[in-house]
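Note sheet for the following structure.
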Amino acid sequence: MQIKPFITLVGAGPGDPDLITLKGIKAIREADVILYDALVNEEILDYAKPTCTKIYVGKRAERISTSQDYINKLLVDYALTHGHVVRLKGGDPFVFGRGGEELDYARQFDIPTAVVPGISSSVGLTGLQQIPLTYRGLSESFWVITGSTSEGQLSADLEIAMASTATIVLLMGYAKLPQVVELYTSKGKAELPIALIQNGSLPTERVVLGRVNDILTKAKESQIGVPAIIVIGEVVAKHQAFDRLKVELKAIAQ
């Protein structure tokens, strides 16, 4: 039987296996090979057919992971030798998922490709926490920014974005939290509400709410860690637990 190479990038969503799309499940069921990331909930792999080859490629922010060049090569090699390859990624393939790079590489070999979007943690986890990214009178836009560039630095876009009233969501940036706090403080924005969401959408989810000027202390006390996203802006105060936080702070002040 002639092998027909095909590559589909599938977004698995932020963690909860129920948050993958129906189209994503259909692609997984048809896959001959699945290359999946560290942040993909492995329960999703149960949708694959028994003959499917599943390969963990362990890409994860702030930790040692499989190189992108090697993953690109695996995608093409398996497509040419096995047929339909699903590249299963946490969140959405095109939101800091390097999906564009993988498509560029596959197209060099004239391999047909498709993309199934996924729920990005930037909008999915904030939504689950009932933090509106936009809110009339508070925030007219939101920025999703990488917490660390390829050079390991804070993105220059952060300083541009924080000059506005936009909500800012930092992905893969928890290790840079002290630098983020320092930058906001230097710009006179130490009172802005901030949220840290670890393991969002999973049973192990943890949320820390505060303001820029006290979030480092709260993060240390809660022992929160990666993977976590950072959300900064007035809309964070819309979280239903933020009012309780304000009451607690008022009691301490009295």
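The values are calculated or read from the model by the stated rules, or taken from the named source; none is laboratory data. Computed from a predicted model, the values in this text were never measured in an experiment. Glycine gets a Cβ as well: all are built from the backbone with ideal geometry, and neighbour counts include every protein chain shown. For accessibility, only protein heavy atoms count, side chains too; no ligands or nucleic acids. Shrake-Rupley method; radii C 1.70, N 1.55, O 1.52, S 1.80 Å.
Data overview
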read-out: Residues of region 208-241 satisfying the condition of being of a type in the set (Val, Ile, Thr) and buried (at least 16 other Cβ atoms within 10 Å of the Cβ); value: VAL208, VAL212, ILE215, ILE224, ILE229, ILE230, VAL231, ILE232, VAL235, VAL236
read-out: Wholly enclosed strands (runs of 3 or more DSSP E) of region 95-178 bearing at least 2 residues open to solvent by less than 10 Å² (accessible area, probe 1.4 Å); value: 167-171
read-out: Filtered residue count, region 179-189, keeping only those that are loosely packed, with under 15 Cβ neighbours inside 10 Å and either under 22 Å from the mean Cα position of the chain (by Cα) or part of a loop (DSSP other than H, G, I, E, B) (or both); value: 2
read-out: Those residues of region 68-94 which are part of a helix (DSSP H, G or I) and either of a type in the set (D, E, K, R) or open to solvent by less than 20 Å² (accessible area, probe 1.4 Å) (or both), in sequence order; value: GLN68, ASP69, ILE71, ASN72, LYS73, LEU75, VAL76, ASP77, ALA79
read-out: So ALA27, is it surrounded by 19 or more Cβ atoms within 10 Å (Cβ to Cβ) and either over 23 Å from PHE109 (Cβ atoms) or of a type in the set (Gly, Ala, Ser) (or both); value: yes
read-out: Filter result for the condition that a residue is touching a residue at least 60 places away in the same chain (Cβ under 8 Å) and either over 17 Å from VAL123 (Cα atoms) or not β-branched (Val, Ile, Thr) (or both), over ALA166, ALA156; value: ALA166
read-out: Selected residue (criterion: nearest to LEU125 (Cα to Cα)) from residues of region 68-101 that are at pLDDT 95 or above and among the small types (Gly, Ala, Ser); value: GLY91
read-out: Residue within region 195-207 that is out of contact with any Gly (no Cβ under 9 Å at 6 or more places or on another chain), farther than 17 Å from PRO14 by Cα and either open to solvent by 20 Å² or more (accessible area, probe 1.4 Å) or modelled with pLDDT of 95 or more (or both) present; value: no
read-out: Residue that is nearest to ASP77 (Cα to Cα) [pool: residues in region 34-59 that are part of a loop (DSSP other than H, G, I, E, B) and among the aliphatic types (A, V, I, L, M)]; value: VAL57
